[in-house]
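Single-structure report; data block below.
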Amino acid sequence: MTSASATISPTESIVKHKRKKPGPSAWLVFTISIVVVLAWLFPLWMAIVNAFKTPEDFLQSGPLSLPKSMDLSSISKFWTDVDYTRKLLNSITVSFFVALIGVTLSFLSAYAIGIGKVRGRFAILAIFMVAFTIPQEAMIYPMYSMAKQFNLYDNLWSVIIIFSVIQSAFGTYMLSAVLADFPAEIVEAAHIDGAGSFRTMWNVVLPIVRPTMTVLATFFFIWTWNEFLIPLVLLPSNDNQTVALAMAVTTGQYTSDPTTRAAAALVGLLPSLGFFLIFQRTLMRGVTLGAIK
Amino acid sequence: MAKNRNAPASRKLQTRESSRATYYWYLVPGLFAFAAVIGASYVRNVYLSLTKWNGLGKPKFIGFTNYQELIHDPTFWESFIHAFEFIGAMALIPTALGLLFGAVIFDYISPKFGNASSSFMRVGLFVPQIIPITVSGILWVWLLEPNSGVINNFLESVGLPNLTQNWLGDSRLALLSVSIMLIWIQIGYTVVIFVSGMARIDPALHEAAQLDGATWLQRFRIITVNQLRPEISVVLLTTTVAALKVFAPVYVMTQGGPGDATVVPSFFSYFHFFTTQKVGYGAAIATVLSVILSVLAIVLLRMQNREEA
């Protein structure tokens, strides 16, 4: 993994001494590349453009033209019809608690494995690793029966608990690797000073690895935000749907006209786009972290 | 990971043996939660695959009957054929295009046009990665609409009305249409990983080859692709696993249709769990899928470790 986790920045150092005036062939490559990237962004552009059209405008001039006026009615109609505020709050609640509980579980296990070097740690990590590949379909029915049995069916907590555990399998794996490289002298020094394992964890190890844990929490938040199958099965009622789920399940009912569907897509991707803009660096550097998933 | 295996901890272990026992307590919450949620569910699913059950009352043990039935179920085979086709759309094509785009960005755009352009390109290609897959799904269903959809409108406006299609409604095209969206989503992932990998290749390799008169394509083939082997194997592994697991795009875009044209294993098992209520049968499909995935992951990781050693 370490080989793949090189950051993006080293490009910058090469740039300076190599930069020459681009010739015609370079300009051709540049133009083609820009066209490809714009083609990649085109679907999103279409969602934006059409979300602001009136249905009449769309009927007259089709999807490709710019809106004649900025009309917010499709967006606000979709928002109120599906009670989007509610879906946002559900998604935030689920993702927030999964990030919190998932990172806590990961850290505790990783502390025993990476710092405590307990026996059997390789077997534990191997089991967790194989667990990443298990498709959720191979667990979903028993989860569904279990949620019903514990009266957590159609309750956000069922989803929170399940995803905390699923994400923590990955988090333990990742944090164990980080903590295994933690300088042993620091831990030894704390022990000699009379700190027990809990105080060493709380006062010594935790403050040092906090940045890594924040990154992990960010990832847990976003991965959970995008999850679909488990919420689909465990959260049937409208009031408990997450954003990703509402997009798939309710849009069909409320979006007979094309402008409202564009509005639905726009409203659905906005929160993710927001996170991305805020955490862009973390996210793009951390792609390789997700690569193990 | 392998590096830490021979860490000099063994000497210290004896002196710390007594305090070491307390560390086991920190494993309790994580292992208990794992066993209760993932372990129990998985084992129970394997058990259910050996039963006949409609979700009510008690499951009836029937041995391997579900698996025998699966072998003779053409939809089961079809679902796996589709999953393997998705490996093309999610793993092979994005890896190939990611290498190409990545090399263009790294070798041409970044040195000759500066970092602003190269960042713009990487970010632009990456954006589909961060959108929830269900949102991408409804967006593409809308783009692919036969009458008012953007793609058919675009084809008409550039004078190619013959190419307009009922993209998701035609059973010969539905799988291809879903694949196009998957390629759109995946490229950003491969480009970002490969570009960051290219940054660690020693520029002297390229410079020496250039002095020897190697063309860009030759350098790309011989140096870049070879040096990126660790990244390529990680990317192929993760995207192949993801391709075999595909569920949400099929659920949102086609529901497996038209007919069985886009049925994949995960959708097929979901369908039996919650639509036909043949829970045991659904569990058998999911079990087969999970075994294939685990075997695949182990084999690929082994291959990768051998290559690195």
With each pseudo-label sitting 7 Å past Cα toward Cβ, what's the A:L100-B:A36 distance in nm, one decimal? 1.8
Tell me, what HN-Hα J-couplings in whole Hz come from the Karplus equation 6.51 cos²θ - 1.76 cosθ + 1.60 at θ = phi - 60° for each residue of the range A:171-188, using x for Gly and Pro? x, 4, 4, 6, 5, 4, 5, 5, 6, 5, 8, 5, x, 5, 4, 5, 5, 4
Reported to two decimal places, what Rg/Rh ratio describes the range B:158-248 when computed on Cα atoms with Rh from the Kirkwood expression? 1.16
Need the full-extension length gain, B:I62 to B:R221, defined as separation in residues times 0.36 nm minus the C-alpha distance. One decimal, nm. 51.8 nm
Under a point spin-label approximation (7 Å from Cα along Cα-to-Cβ), what is the B:T22-B:V295 distance to one decimal in nm? 4.7
Any idea what angle helix A:258-285 forms with the longest principal axis of chain A, computed on alpha-carbon atoms, 0 to 90 degrees, nearest 10? 30
Summing +1 for each Lys or Arg and -1 for each Asp or Glu, what net charge is found among the other residues whose Cβ lies under 15 Å from the Cβ of B:I222? -1
Dividing the mean separation of Cα pairs under 8 Å (6+ apart) by the residue count of chain B yields a relative contact order in percent of 27
If you wrap a convex hull around the Cα atoms of the range B:70-171, how much volume per residue is inside, in Å³? 160
Using only Cα atoms, locate the centre of the range B:114-175 and the centre of the range A:82-138, then give the distance between them in Å, rounded to an integer. 34
Estimated 222 nm signal from helices in chain A, with DSSP H stretches of n ≥ 4 weighted -39500 (n - 2.57), rounded to 500: -23000 deg cm²/dmol
By how many degrees, between 0 and 90 and to the nearest 10, does the Cα long axis of helix A:206-226 differ from the longest principal axis of chain A? 40
How long is the protein assembly as shown along each principal axis, judged by its Cα atoms, biggest number first, in Å? 80, 75, 47
Looking at chain B, I'd like the Rg to Rh ratio, where Rg is from alpha-carbon atoms and Rh is Kirkwood's inverse mean 1/r. 1.06
Report the far tail of the P(r) of chain A, meaning the percent of Cα-Cα pairs longer than 30 Å. 50
How crowded by other chains is A:145-158, given as the mean number of beta carbons from other chains within 10 Å of each beta carbon? 1
So what's the angle, to the nearest 10 degrees on a 0 to 90 scale, between helix A:24-51 and the longest Cα principal axis of chain A? 80
Counting each pair of different Cα atoms once, what's the Kirkwood radius of the range B:203-309 in Å, rounded to one decimal? 17.1
Lys, Arg +1 and Asp, Glu -1 on Cβ, resulting dipole of the protein assembly as shown about Cα centre, debye, nearest 20: 1660
Averaged over peptide A:238-246, how many Cβ atoms belonging to another chain are found within 10 Å of each residue's Cβ? 2
Evaluate E = 1/(1 + (r/R0)^6) for A:S237 and A:D257, where r is the Cβ-Cβ distance and R0 equals 30 Å; express this FRET efficiency to the nearest 0.05. 0.70
On each of the three principal axes of the Cα atoms of the range A:82-254, give max minus min coordinate, whole Å, ordered largest first. 65, 31, 25
Taking the alpha carbon gyration tensor of the range A:44-104, what are the square roots of 5 times its eigenvalues, largest first, to the nearest whole Å? 35, 13, 7
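Throughout, read-outs are computed from the coordinates displayed, never taken from laboratory work. Predicted, not measured: the structure shown is a model, and the values here were computed from it. Cβ: placed from backbone, ideal geometry, glycine included. Neighbour counts: every protein chain shown.
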